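The values are calculated or read from the model by the stated rules, or taken from the named source; none is laboratory data. Note that the coordinates shown come from a computational prediction; the quantities given were computed from them, not determined experimentally. Because the Cβ atoms are built from the backbone with ideal geometry, glycine has one as well, and the counts that use them run over all protein chains shown.
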Amino acid sequence: MKELVSIAFLIIGWLVTSGAQAQETAVDTERFRPATARAGGVFLEGVAPGEAWEVDGTLWVHGSGRPVVLTRDGELTDPVVKGRVGGYLGAGFNLGRRFRLAVGLPVTMYQSGADPLTGEALAVGGAGDFRIVPHGMILDPDKQWLGLALSSPISVPTGREDALLGESGPTIEPQVHLEKRLVFLEKHRWLRFSVGLEAGWRVRPKTQLLNLESGGEFTAAVGGRWQPSDQLAIGTEFAVALGQGDNARSGEWVSWARLTPDLRRRVDVVGGLAVGFGQGVGTPQSRIFAGVRVRLDPRRKQVVADTGDFDPDERAALEDPGSQPPVPGESDSAWGLRLVGRSARIDSHVLFVFDSARLTEDGRELLSQVAGWLQRHGSTGAVQVAGHCDASGSATYNDDLSRRRAEAVVDALVGHGVVRDRLSAEGYGESRPVGSDPAENRRVEFVFVSSLR
C-alpha cells in the first residue's frame, strides 16, 4: 500500500513539474474550498475524520463581491470579476476512525466581468478543478494533549480556463493540521472549545496573466470553535495564501454557525459571512455562504447480541421468531430468550444524542420495542441496565455520563410499562472496555440477573 501511495505522489509531482515549465495564462480565481469533514469549520480542516465508516455528502452555495481585482504599479484596476455566485459539491468516506477520503467539485453558476487580456466578457459560469483530499489522523485530539493530522489535497484540471476557473495543470498541497480541544468545568459541557491551525505549500503551474505571476504558494489557516450544545457550534477563522507578487497574496476572515436540527445527527446546516484582506486573486471584498451536510453510516448496527453457548432448549427459544423483539430495519435481530448471566447490548450512538443522556428518536422507538419484549417474557426476571463509555474525556465525567444514560434507559422502559422493580441502572464509565475500538465501548448492556441487590 505504501509503495502505491509513493508512486502516486511521484506521478502527481511529475505532472505538476511538467505543467510548471510553461508560462500559461490559465488561473483558478475561485478560492472557496470548504473543509471536507464535520470536525472542521469552513476553511479550517479538523484533525479527526469523524465517526468510523461514515459516508457524507455536502452542498455549499456562496455569493461574493469583487473576487478578482488586480493591481498595476500599485494602483487598483477595474475588477476582473465584479461578482460571482457559486457552489461546491462534495462527498467523503471515513476509512475507520483515522483515515478519510473526500472529493469535491466547485461550480460557478454566474459571474460578471471581463477577460483582462482581450477585454471580452468572461464566460458566465462552469465547473472548476476537481479535488481529491486524502486525510489521516496521527494523534487523536480527544485522547492526546494535541491532535495532529496530515492531508494532501490534489486538484485535476477540469475547470473552464476561459472563465478563470481552472489551472492549466494539476496541483498538490501537502498540509499539516493541529487541534487542541478544551473543556472547562467537566459538568458544564456548554464550555467546550477547540482551536486549530493548519499550514501547507501548494505546488501549482506557473501562470503569467498581465502582472500576475502565480506559482507555488504558502497556505495557512487558524481559528477557534465554541460548541455550547450537541446541536450548535459557532466559529471564526482566518485563512491566507502567500505567493509571488502583489497580486498573489490573499486573506479571508470568516465567521460561521452550524446547526444540527435533527436528533439523529444526520444533517448539519452551516451559514456565515466573510470579508477579504489584501488584493490577491480570489480575495472577495465580501462573501456570504450556506451549506448542508448529510451523513449516513452504512454499517450501522443497532443491536448486538451476546449469545454464548446454548443448550438445545435455549437454542430453540433463540430461533423462535416470537421470542425476538422487532428492531427497526432488522427483522432477524436475535435477542432470544435470555437466562441468568446472558446479556445484550445496544450501541450508544443509536440510543443517545452525541455526548448526552438524551434519547434519540430511533432510541425511543427501539426501547419501546425492547420494553414490549421484556413484558412478554417476564420469566427472564430482573434486568441490570449498564452504561459504558470509551476513554475519551475524564474518568469522572465518563462515570457520570454512563450512569445518567443507564438511568434514562430505565426511565424509558418504565414509561413503556416495564415494572421498575425488575430494573436497575449502573454506570461503569470506561472501566470495562470490550475491545480496542472506542465505538465498541460506547454501549448500553442489558444483563439478565437472578435478582436485584
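Scanning segment 112-132 for residues that are surrounded by 15 or more Cβ atoms within 10 Å (Cβ to Cβ) and either farther than 24 Å from residue 284 by Cα or among the charged types (D, E, K, R) (or both) gives 115, 129, 131, 132.
The set of residues in segment 374-399 that are among the acidic types (Asp, Glu) and surrounded by fewer than 19 Cβ atoms within 10 Å (Cβ to Cβ) contains only 399. Please determine whether any residue of segment 79-86 is of a type outside the set (S, T, N, Q), under 26 Å from residue 194 (Cα atoms) and surrounded by fewer than 21 Cβ atoms within 10 Å (Cβ to Cβ). For segment 79-86, residues of a type outside the set (S, T, N, Q), under 26 Å from residue 194 (Cα atoms) and surrounded by fewer than 21 Cβ atoms within 10 Å (Cβ to Cβ): absent. Could you tell me whether residue 117 is of a type outside the set (D, E, K, R), in contact with a helix residue (DSSP H, G or I) (Cβ under 6 Å, 6 or more places away or on another chain) and over 30 Å from residue 140 (Cβ atoms)? It is false that residue 117 is of a type outside the set (D, E, K, R), in contact with a helix residue (DSSP H, G or I) (Cβ under 6 Å, 6 or more places away or on another chain) and over 30 Å from residue 140 (Cβ atoms).
Across segment 372-396, what is the total count of residues that are more than 20 Å from residue 427 (Cα to Cα) and not β-branched (Val, Ile, Thr)? If you could, list the steps in order and put the result at the bottom.
Going residue by residue through segment 372-396, those that are more than 20 Å from residue 427 (Cα to Cα) are 372-381.
With the extra rule that they be not β-branched (Val, Ile, Thr), the set shrinks to 372-379, 381.
Matching residues across segment 372-396 total 9.
In this structure, residue 342 does not satisfy being more than 26 Å from residue 259 (Cα to Cα), among the basic types (Lys, Arg) and modelled with pLDDT of 80 or more. Scanning segment 221-254 for residues that are touching an Asp or Glu at 6+ places or on another chain (Cβ under 6 Å) and among the polar types (S, T, N, Q) yields one hit, 244.
Check off (1) under 19 Å from residue 423 (Cβ atoms); (2) in a helix (DSSP H, G or I); (3) touching an Asp or Glu at 6+ places or on another chain (Cβ under 8 Å) for residue 368 and give me the number that stays unchecked. Only one criterion in (1) under 19 Å from residue 423 (Cβ atoms); (2) in a helix (DSSP H, G or I); (3) touching an Asp or Glu at 6+ places or on another chain (Cβ under 8 Å) is unmet by residue 368, namely (3). Within segment 159-183, the set of residues being within 25 Å of residue 29 (Cβ to Cβ) and either surrounded by fewer than 16 Cβ atoms within 10 Å (Cβ to Cβ) or not assigned by TED's automatic domain parsing to the domain that holds residue 235 (or both) comprises 162, 174.
Considering segment 40-63, the residues that are among the small types (Gly, Ala, Ser) and crowded, with 23+ Cβ neighbours inside 10 Å include one that is nearest to residue 199 (Cα to Cα), namely 46.
Cβ-Cβ distances below 7 Å connect the following pairs, each with a first residue in segment 424-444 that is touching a residue at least 40 places away in the same chain (Cβ under 8 Å), a second residue that is loosely packed, with under 15 Cβ neighbours inside 10 Å and of a type outside the set (A, V, I, L, M), and a separation of six or more residues or different chains: 441/435.
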